[in-house]
Ligand code: 5GP
Ligand code: MN
């Protein structure tokens, strides 16, 4: 993979057919970075199609350009046609094709120019022609901002670009709370503000945009589905299919739930598992020196960042929860 800076000279043209894609069930960083880049590239006349491998949370729909995003699972023909025609493929906020689920085989088979922009650990670098992979970055949105400014096109950061990029930075940093927030992140926000960003409206769109059922669901989960293992400084939440049905939980409604137990004094690791149709999906969050990426990779077919990772299991909910308790005991020393 060659440095992404080698394509800077071609960003302004000639116009190309471009596809931008992201990980399945995109969060605000995946969708925000993809739409931020799309809103930037269209200003040079590029023909840009943004494709999500799956559906996404309805509370991302406010993002400028989101109404034109294709859902690969639901609009396979249209999305496949765009992939087949693409001259440039940008892969944002993931670094290995399997994170795009059923779209992975199509992406692998393409032989156009593939560009990676991502901040997760252990990228599959040989699969990309150009790219930037930097785990120190707060968000992929910060990396898109870097690309736009370093390529000399800072004047193309419109209000639309700014709103998309701000959304990913604010969510991936836990509202500027995580250790990943550098001076550079605040400078970026200052720059977006100077361009007219109304940050309060973005916060409202992201955090005050849910339905009543989600809050009732969170109440139910915290009361009935959370176990605390003080000896291991660990909290575990296991969500059943019946829970999802009872509260009519939709994509995105469970985002952020894994952060709640971190407010309990002494908790070092939080694990949350959801019984989804096709698999049991794990989320891990840690504080301090517990490495979630290694833990997720070793035991739950996953990966991510040092303090935030995910994984999945084909076992039943009960079996994967039992497995978690077993490996939690194995990791007693690391959890002290
Ligand atoms: P979340 O818990 O929010 O789903 O994911 C936390 C972090 O881990 C995200 O940065 C996400 O991209 C990554 N992640 C989640 N699930 C997986 C997985 O199955 N495999 C890998 N490699 N990374 C994951
Ligand atoms: Mn991200």
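The values are calculated or read from the model by the stated rules, or taken from the named source; none is laboratory data. As the structure is a computational prediction, the values presented were derived from the model and not from experiment. Because the Cβ atoms are built from the backbone with ideal geometry, glycine has one as well, and the counts that use them run over all protein chains shown.
Just one of the listed residues (74, 57, 12, 30) is over 21 Å from residue 143 (Cβ atoms) and either within 15 Å of the chain's Cα centre (by Cα) or in contact (Cβ under 8 Å) with a residue 60 or more places away in the chain (or both), and it is 57. Screening 39, 71, 61 for residues that are under 30 Å from residue 209 (Cα atoms) and touching a strand residue (DSSP E or B) at 6+ places or on another chain (Cβ under 6 Å) leaves exactly one candidate, 71.
The residue that is nearest to residue 102 (Cα to Cα), among those in segment 12-32 that are more than 14 Å from ligand 1 (Cβ to nearest atom) and part of a loop (DSSP other than H, G, I, E, B), is 16.
The requirement of being within 16 Å of ligand 1 (Cβ to nearest atom), over 29 Å from residue 207 (Cα atoms) and in contact (Cβ under 8 Å) with a residue 40 or more places away in the chain is not satisfied by residue 87.
Do any helices (runs of 4 or more DSSP H) lying entirely in segment 95-189 carry at least 1 residues that are more than 14 Å from ligand 2 (Cβ to nearest atom), farther than 23 Å from residue 72 by Cα and in the same structural domain as residue 52 (by TED's automatic domain parsing), and which ones are they?
Of the helices (runs of 4 or more DSSP H) lying wholly inside segment 95-189, those with at least 1 residues that are more than 14 Å from ligand 2 (Cβ to nearest atom), farther than 23 Å from residue 72 by Cα and in the same structural domain as residue 52 (by TED's automatic domain parsing) span 140-150, 159-172.
Set side by side, the residues 35, 41 differ, and just one is closer than 30 Å to residue 200 by Cα, over 20 Å from the mean Cα position of the chain (by Cα) and not in a strand (DSSP E or B), which is 41. All of 35, 92 fail the test of being touching a residue at least 24 places away in the same chain (Cβ under 8 Å), surrounded by 22 or more Cβ atoms within 10 Å (Cβ to Cβ) and within 16 Å of ligand 1 (Cβ to nearest atom), apart from 92. If a residue has to be touching a strand residue (DSSP E or B) at 6+ places or on another chain (Cβ under 6 Å) and not in a loop (DSSP other than H, G, I, E, B) to count, how many in segment 44-58 make the cut? Going through segment 44-58 one residue at a time, the tally reaches 6.
Apart from one condition, residue 52 fits all of (1) within 16 Å of ligand 2 (Cβ to nearest atom); (2) free of Cβ contacts under 8 Å to residues at least 40 places away in the same chain; (3) more than 28 Å from residue 151 (Cα to Cα); the exception is (3). Residue-level check: of (1) within 16 Å of ligand 1 (Cβ to nearest atom); (2) over 26 Å from residue 138 (Cα atoms); (3) free of Cβ contacts under 8 Å to residues at least 12 places away in the same chain, residue 103 misses just (3). Scanning segment 194-208 for any residue that is outside any loop (DSSP other than H, G, I, E, B), at pLDDT 95 or above and over 23 Å from the mean Cα position of the chain (by Cα) turns up at least one such residue. Name the single residue that is surrounded by the most Cβ atoms within 10 Å (Cβ to Cβ) among those in segment 209-220 being modelled with pLDDT of 95 or more and under 20 Å from residue 58 (Cβ atoms). Filtering first and then ranking leaves 217. Just so you know, in segment 289-315 the residues that are within 16 Å of ligand 2 (Cβ to nearest atom) and more than 18 Å from residue 97 (Cα to Cα) include one that is nearest to the chain's Cα centre (by Cα), and it is 308.
Taking the options 109, 86, name whichever one is out of contact with any helix residue (DSSP H, G or I) (no Cβ under 8 Å at 6 or more places or on another chain), crowded, with 21+ Cβ neighbours inside 10 Å, modelled with pLDDT of 95 or more and closer than 29 Å to residue 5 by Cβ. Working first, answer last.
Numbers: 109 fails: crowded, with 21+ Cβ neighbours inside 10 Å.
Of 109, 86, the one residue that is out of contact with any helix residue (DSSP H, G or I) (no Cβ under 8 Å at 6 or more places or on another chain), crowded, with 21+ Cβ neighbours inside 10 Å, modelled with pLDDT of 95 or more and closer than 29 Å to residue 5 by Cβ is 86.
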